[in-house]
Structure formats: C-alpha cells, structure tokens
1. If you take the residues of the range 1-19 that are under 11 Å from the mean Cα position of the chain (by Cα) and either farther than 16 Å from residue 76 by Cβ or modelled with pLDDT under 90 (or both), which of them is surrounded by the most Cβ atoms within 10 Å (Cβ to Cβ)?
2. For the range 22-71, name all the residues that are assigned to a loop (DSSP other than H, G, I, E, B), over 20 Å from residue 8 (Cβ atoms) and in contact (Cβ under 8 Å) with a residue 40 or more places away in the chain.
3. Name every residue in the range 45-67 that is surrounded by 11 or more Cβ atoms within 10 Å (Cβ to Cβ) and over 14 Å from residue 28 (Cβ atoms), in order of residue number.
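The values are calculated or read from the model by the stated rules, or taken from the named source; none is laboratory data. Every value quoted in this text rests on a predicted model; they were computed, and no experiment measured them. For neighbour counting, all protein chains shown are included, and Cβ atoms are generated from backbone atoms with ideal geometry for every residue, glycine included.
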Amino acid sequence: MAFTNISTTQLVFLHDYLRGNTRTLTSRQAASQFGILNLRARMSELRQMGLRVRREPSTTGYSKYAVSARDVWGSKASLTTR
C-alpha cells in the first residue's frame, strides 16, 4: 500500500522527483512508497520522451534508476509531460 498520494500522473511525478538531483529509486521503493507498480515501464516512457535514464544494479538485487538533469539534446528545460 502506498503511503503517499500522487496527485499528478506517474510520469510527471517521476520527472519532478528524479530529474537533476542525486536521488535513485528501485522498483521496490516505488511500489511501497508511491504506489508505482511498473517502474521499468515508466522509466522506458521517460527515455522515449528524451530523458537520460541511468540504471544500475543495487546491492539488494533490484535495479536503481536515476534521471540526468540534461536530456539527450543537452537541454535542462523541463519536458512537456503535463
């Protein structure tokens, strides 16, 4: 059960939560804290929108995802995800 109510879409939330800082998120954290059950699909959608999404293995066996401040074109401008 999620402990946080997300009032925007999951893509907008992930964009705002992860982009341009040092935060990472695993699928287990996304499901338990935010109710996002398919983090891999949401990260794929952010990649298709032009963001640089990094994935690295964590010590718990889950993949950790992070989003760069710059998109694939080198811009820091916010994407139109809203």
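1. From the range 1-19, those under 11 Å from the mean Cα position of the chain (by Cα) are 10-19; that's our starting set.
Of the ones still in play, those that are also either farther than 16 Å from residue 76 by Cβ or modelled with pLDDT under 90 (or both) are 10-14, 17.
On the way: 10: 18, 11: 17, 12: 15, 13: 18, 14: 26, 17: 14.
Restricting to residues being under 11 Å from the mean Cα position of the chain (by Cα) and either farther than 16 Å from residue 76 by Cβ or modelled with pLDDT under 90 (or both), the top hit is 14.
2. Just the residues of the range 22-71 that are assigned to a loop (DSSP other than H, G, I, E, B), to begin with: 22-24, 35-38, 49-50, 58-62.
From the residues that got through so far, the ones that are over 20 Å from residue 8 (Cβ atoms) too are 22, 24, 58-62.
Hits for the range 22-71 are 22, 24.
3. Just the residues of the range 45-67 that are surrounded by 11 or more Cβ atoms within 10 Å (Cβ to Cβ), to begin with: 45-47, 49-55, 58, 62-67.
Of everything in the range 45-67, those that are surrounded by 11 or more Cβ atoms within 10 Å (Cβ to Cβ) and over 14 Å from residue 28 (Cβ atoms) turn out to be 45, 46, 47, 49, 50, 51, 52, 53, 54, 55, 66, 67.
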